[in-house]
Amino acid sequence: MKIMSLFNMATKKLILAEARLKIIEGEYEILDRKKGIEFRGTKYEPLYNFFPVENGHRAEVADFVTMEDGSGIVHIAPAFGADDYDLGYRAGLPFIQAVDVEGKISTASDSLGRHVCQAGRSIDH
């Protein structure tokens, strides 16, 4: 079972798989160690909050998350992709389709009506 580490780097708390600590540059302090499954249900503050989401923004556990790259933690969007949909369905996560069939943002945000390729640039900054 994968062990997760909660640590502090430059006064920010992050959650990262212990096996992935090698990607961190600089100093950090391990504050707590937990098994990945112990994070199930933990609520988090999303990076982007374009629309209200009830019963979302919480940690779940999935076998498709790997230690090969990234943090060992993955964001899912049940409306996009089979793995995301299956996990979202089993966990009762909301199904939000924020992009229409033409690839344009279809929910209230600063990018409403813009194609995701153009909207992504403004969202990331």
For 41-47, 52-58, ranked highest to lowest by mean beta-carbon neighbours within 10 Å, the order is 52-58, 41-47
Once normalised by the length of region 3-94, the mean sequence separation of its alpha carbon contacts under 8 Å that are 6 or more apart gives a contact order in percent of 24
The extension gain from residue 85 to residue 14, computed as 0.36 nm times the residue separation minus the Cα-Cα distance, is 23.0 nm
In this structure, the FRET efficiency calculated for residue 24 and residue 110 from their beta-carbon separation, with R0 = 41 Å, to the nearest 0.05, is 0.80
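For a Förster distance of 35 Å, can you work out the FRET efficiency between the beta-carbons of residue 73 and residue 50, rounded to the nearest 0.05?
Values: r = 21 Å, r/R0 = 0.60.
Here the calculated transfer efficiency is 0.95.
Every read-out reported here was derived from the displayed coordinates using simple, explicitly stated rules and does not represent laboratory data. Remember, it's a predicted structure, so these values are computed and weren't measured experimentally. Glycine also receives a Cβ, built like all others from the backbone with ideal geometry; neighbour counts cover every protein chain displayed.
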